[in-house]
1. Cβ under 13 Å from MET94's Cβ, MET94 left aside: what net charge do those residues give with Lys, Arg +1 and Asp, Glu -1?
2. Can you put THR371, THR31 in order of accessible area, largest first, using a 1.4 Å probe?
3. Can you compute log10 of I(q)/I(0) for segment 333-388 with the Debye formula, treating each Cα as one identical point scatterer, at q = 0.14, 0.18, 0.21, 0.30 Å⁻¹?
4. Of the options ILE306, GLY445, MET535, report the single residue whose Cα projects farthest towards the positive end of the charge dipole of the chain (beta-carbon charges: Lys, Arg +1; Asp, Glu -1).
5. Rounded, prolate or oblate for segment 65-131? Axes are the square roots of the Cα gyration tensor eigenvalues, ordered a ≥ b ≥ c, and the cut-off for rounded is a/c under 1.5.
6. Mind checking Rg over Rh on segment 367-507, alpha carbons, Kirkwood formula for Rh?
7. Would you tally the net charge around PRO714, using a Cβ to Cβ cut-off of less than 15 Å, leaving PRO714 out, and scoring K and R as +1, D and E as -1?
8. Debye calculation, C-alpha points only, no solvent: report log10 I(q)/I(0) for segment 429-529 at q = 0.10, 0.17, 0.24 Å⁻¹, in the same order as the q values.
Amino acid sequence: MKLLKKILLITTVVIAMLGVTVLVFVRYISTSALPEYQGELKVKGLRAETRIIRDAQAMPHIVAKNEHDLYFATGYAMAQDRLWQMDLLRRVTMGRLSEIFGKDMVKTDYLLRALRMSKKSHQVLEQTPDSILLCINAFADGVNAFLAENGRNLPPEFVILQYRPEPWEPYHTVNLIGYMAWDLSGSWQNEIVLHQLRKQLPENKWNELLPEFAFQQSVVHQQRSVPTAFSLLQGNDALQELGIEIVSGSNNWAVGPQKSNSGKAMMANDMHLGFGAPGIWYPLHQLIEGRLNVTGVALPGAPCIINGHNDSIGWGMTNLYVDEMDFFIELPDSTKKDHYYFEGKSLPMDVVDVKIAVKGGDTVSRLLRFTHHGPIVSEVKEINEELISMRWTGNDYSNELRSVYLLNQAKNWNDFREALTTMLSVSQNVVFADVNGNIGLQTAGAVPVRKNGNGMLPVAGESGDYEWLGYLPFDSLPYTYNPPQAYVSSANNRTTDTNYKHFIGHWFDNSSRIDRIRELLEQENRIDPQYFMKMQGDQVSSFAAKNLSALTSTLSDSKELNPTQQQALQLLLEWDGNMAASLPQPAIFDQFYLQFMRLMLADDMGEEAYQRIPGGLMRHIFDRMWRGKKSAWSDLASTTEHQESFDEIVVMAFKASVNQLVEILGDDVSSWEWGKLHQLVLQHPLGKVDLLNRIFTFNRGPFVVGGSFHTVNPTAYNFHKPFAVVHGASQRHIFTMGNPQESYLAIPTGVSGIPASKYYCNQAADYIHLQYNRDHFNLGQLETAKMYELKLIPDSN
């Protein structure tokens, strides 16, 4: 017995020691990469002493004496905070995810290799001015200086995935152009789906899936000046799972001195992208006294401010939704391997044997084939019945790094417009305001000029009838400058009215956000930053308000509602469209929206097809159906007793919606709260593994949030996996030009990408509650706000 007790005691001690060892090891992995923000450090490659000052949020303010050192220190600071995120994005652009995640990423890598981002990047570097090459090269040197100094103390993701980062090269930065262009592309999400549905649907039903331009009345430029399978591109699904598929949307607006309380021009911007941890943007301030003073957000891996302001101008972006992509059904030459027909001639394809290294496995070899249009994307999914190639603006020359470099240094409207002439692959509507009280909005991007057709659906590739003839020249793109209404605004809505003779695209968002933005801008003539904050946080849905009367009228006429459903209807009758988290009506309305679309579409097209319909296309379909309150889709294929009317489908959808909410939230309708369903988790790519998340706390949340995909403050969810919030404002900027004390920034995460840092997702609660951080723009303000300072000193040895 004594021996047994002794064994138990020894076993307990050993287990305890192992537990302590594990805890110490985990803590070491978690914290060893925490950077040093304070002190002095000798660094090779630097030309003069450079300061990295950090404020209370650890936002870096780089104070340098020359451009080389400015961008060198930017690379160093960014690597301190976001090294693994930078490496992950680099791997996305190169199609090298399988090396760290394993065989599940092979299909995604295959798709990404087909985009040839690195090939374009080398071409861009060859045509980039020396002044900008200095910036890119110095940034890479700064990242590598950090790696040389801290290569043994890497963020936990490197340790968990058991690999080390490679040196940073300039083309890795340029590759991010391709990453942004691909993730902001909208055409591929809709056009292949519509192409496949056309094969299985009657013409009258298929026609109802198309957008109707005539009813998209809210345009960006109100007062403009103009001198084969649904899973065809399924590789993108994996990017979404990693939290690195951006998606797209945004708001921006500016007001002139006439509408500003301060008598100065003001502007606001919030870019709507995928939520994740760490966030997609890196807050940054760069200062060379007397030469450059610019602040805003940068993309991890790139040296310049993407959206922000300097001491002369401010700018902010929204996605243009140009039709930047066409699909061609190629005619193969059955007599010659890897040949296809074009204009009566048999042409050879460009065939590339790609080698995809797989973690824990063999290297996978696959062939990529290209026609003159672009990659054969149907082979990504091994589809044999059609040979589909993709023509994409992202494969053609553009130089967004030149654009943002020049925006950072622009002094006026002309400088601003000149900077945007090379912003081609990442097509945007860019808002402008300056210290002289001017405001404007410029459309920038590569708008294809087609020989025939409008690019909505795949076309025959062999005829040559649908070739691109080039792009619209920059001077033909619309812009607005100092309009009579004293404001400009955009929210991914239709760019121009029918008087504009050039075709831009099909897939604009509906007008719910822009209509509400303009309603709020019209309501107030003495606007201050706090009013802009209220606008960015607005949760009143013009989309709900527009459709509510027809919905409640139909439901009120029904005799089929039970008491619980009647109670839900009564709440809608009393509702003003406010999508607040504490209210029951938002849950009722959005649940009805989803149930209505499912009843209308899935019954006829099948569940698999329905699951592939993107959210943007779904909104177009809903708008079209509700406009006339009649639809060929309302006759359900699953019922044979009689032909259902539109109103009957509405009632059926409402009843089913309420019943579903009863199951989730209980039968007391008045106690329902939207926020019990609609919540945000900031999810890290490795946080999907429960054990890792428990150990390293990669994820943060859940946070209860209001709003929806149709509010100015957007909190969108996957329509097919409601209601977890996955998409929204990735940053909020408010600038008062000429008065940087009244300029503000909010981000949903934090500066650091290291989960053990106190600056990792530390701004989430403030973001949820619409709290902002004030700009520290001049050196005097910065000295007062300083929490840390790291001095980088040239090492001459």
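The values are calculated or read from the model by the stated rules, or taken from the named source; none is laboratory data. These figures come from a predicted structure and were not determined experimentally. Because the Cβ atoms are built from the backbone with ideal geometry, glycine has one as well, and the counts that use them run over all protein chains shown. Ligands, DNA and RNA are stripped out before the accessible areas are found, and what is left, the full protein with its side chains, is counted by its heavy atoms. Shrake-Rupley method; radii C 1.70, N 1.55, O 1.52, S 1.80 Å.
1. Details: positive: ARG90, ARG91, ARG96, ARG113, ARG116, LYS119, LYS120, LYS355; negative: ASP87, GLU99, ASP109, GLU166, GLU169.
That sum, taken over residues with Cβ under 13 Å, equals +3.
2. Result, largest first: THR31, THR371.
3. Relative scattering, expressed as log10 I(q)/I(0), comes to -0.46, -0.68, -0.86, -1.29.
4. ILE306
5. It comes out oblate by the Cα gyration axes.
6. 1.05
7. Counting the neighbours of PRO714, the net charge comes to -1.
8. The Debye formula, applied to the Cα set alone, gives -0.39, -0.91, -1.42.
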